[in-house]
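Undergrad: Supplied in structure tokens, the structure appears directly below.
The values are calculated or read from the model by the stated rules, or taken from the named source; none is laboratory data. It should be emphasised that the depicted structure is a prediction, and the values quoted were computed from it without experimental measurement. No Cβ is skipped: glycine too gets one built from the backbone with ideal geometry, and neighbour counts run over all protein chains shown. With ligands, DNA and RNA removed, areas are computed over all heavy atoms of the protein, side chains included. Shrake-Rupley method; radii C 1.70, N 1.55, O 1.52, S 1.80 Å.
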Amino acid sequence: RQRFVTLHDGGHFEYGLIKLLLGKADEARVIFEELQLRMEAPEVQNDGRAHAGLAMAYFDLGRPGESDAQLATLIDGFGNAEPRSVAMVHAWRNEKDTAFEWLDRYAAQDNPGQTLLLLDPAFRNLRDDPRWQSLRESVGFSEQVLATLDFPVELLAQYRD
């Protein structure tokens, strides 16, 4: 764990998300609680992701009240600056309409990292929705565009080990 977090520049959130994706919500909760404590340090810029992670972990643990409270804290404290995180929680909770509303806010920010959310497994509940395809098109990654890309797959072989 410590190696992952160190190699990924404080990747506590990502590590917690991996635990969630593996179905280990209680382990993820612990990681997100640690992240929340870390974010409270005065020298650290808090981006609210600990609240997003906790909202998702509590949801998976069947603790909707605590999930809602973390989401409310995220929205109140960080919603304007971090609409992607709010969208992520709603997507995780399968609240598609609200997730897409927040993704629209995120898209309006003209963030250069918008295309990365297409790869984010936290948004997996949205992928069967037609609005996901529209979002892909809006950031230049429609099925048609991807079909035209020539990627030498053999390059990936060097990263297998």
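Undergrad: I need the full set of residues from segment 135-145 which are surrounded by 12 or more Cβ atoms within 10 Å (Cβ to Cβ) and of a type outside the set (V, I, T), in order please.
TA: Once the filter is applied, which keeps residues that are surrounded by 12 or more Cβ atoms within 10 Å (Cβ to Cβ) and of a type outside the set (V, I, T), segment 135-145 yields L135, R136, E137, S138, F141, S142.
Undergrad: Identify all residues within segment 139-157 that are assigned to a helix (DSSP H, G or I) and either modelled with pLDDT under 80 or touching a His at 6+ places or on another chain (Cβ under 6 Å) (or both); write none if there are none. Before the answer, list the steps.
TA: Initial filter on segment 139-157 (assigned to a helix (DSSP H, G or I)): 143-148, 153-157.
Listed by number, the residues that qualify are E143, Q144, V145, L146, A147, V153, E154, L155, L156, A157.
Undergrad: List the residue pairs whose Cβ atoms are under 8 Å apart, where the first residue sits in segment 132-147 and is in contact (Cβ under 8 Å) with a residue 12 or more places away in the chain and under 21 Å from W102 (Cα atoms), the second is open to solvent by 40 Å² or more (accessible area, probe 1.4 Å) and not small (G, A, S), and the two are 6 or more positions apart or on different chains.
TA: Listed by first residue and then by second, the contacts come to R136/E143; V139/T115; G140/T115; F141/T115.
Undergrad: Could you check segment 49-99 and list, in sequence order, the residues that are among the aromatic types (F, W, Y) and touching a Gly at 6+ places or on another chain (Cβ under 7 Å)?
TA: Here is the first cut: in segment 49-99, the residues among the aromatic types (F, W, Y) are 58-59, 78, 92.
Correct list: F78 only.
Undergrad: Here is a follow-up. Condition first: within 17 Å of D128 (Cα to Cα) and open to solvent by 10 Å² or more (accessible area, probe 1.4 Å). Now tell me which residues in segment 75-109 satisfy that.
TA: H90, W92, R93, N94, E95, K96, D97, T98, F100, E101 - these are the residues of segment 75-109 that are within 17 Å of D128 (Cα to Cα) and open to solvent by 10 Å² or more (accessible area, probe 1.4 Å).
Undergrad: A follow-up question, please. Would you check if V44 is more than 15 Å from the chain's Cα centre (by Cα), within 18 Å of Y15 (Cβ to Cβ) and β-branched (V, I, T)?
TA: yes
Residues checked against (1) within 20 Å of P83 (Cβ to Cβ); (2) out of contact with any helix residue (DSSP H, G or I) (no Cβ under 8 Å at 6 or more places or on another chain); (3) surrounded by 17 or more Cβ atoms within 10 Å (Cβ to Cβ):
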position: L17; (1), (2), (3): yes, no, yes
position: A25; (1), (2), (3): no, no, yes
position: R29; (1), (2), (3): no, no, yes
position: L35; (1), (2), (3): yes, no, yes
position: A41; (1), (2), (3): no, yes, no
position: R49; (1), (2), (3): yes, no, yes
position: G53; (1), (2), (3): yes, no, yes
position: F59; (1), (2), (3): yes, no, yes
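Undergrad: Also: Across segment 61-92, which residue is modelled with the lowest pLDDT among those that are among the charged types (D, E, K, R) and out of contact with any helix residue (DSSP H, G or I) (no Cβ under 7 Å at 6 or more places or on another chain)? Full working, then the answer.
TA: Filtering segment 61-92 down to residues among the charged types (D, E, K, R) leaves 63, 66, 68, 76, 82, 84.
With the extra rule that they be out of contact with any helix residue (DSSP H, G or I) (no Cβ under 7 Å at 6 or more places or on another chain), the set shrinks to 63, 68, 76, 82.
Working: R63: 98, D68: 98, D76: 97, E82: 91.
Checking each candidate, the answer is E82.
Undergrad: If the Cβ limit is 6 Å and pairs must be 6+ apart or interchain, which residue in segment 101-126 that is in contact (Cβ under 8 Å) with a residue 12 or more places away in the chain pairs with which residue that is outside any helix (DSSP H, G or I) and not aromatic (F, W, Y)?
TA: Short answer, once both residue conditions are applied: Q114/V139; T115/V139; N125/N94.
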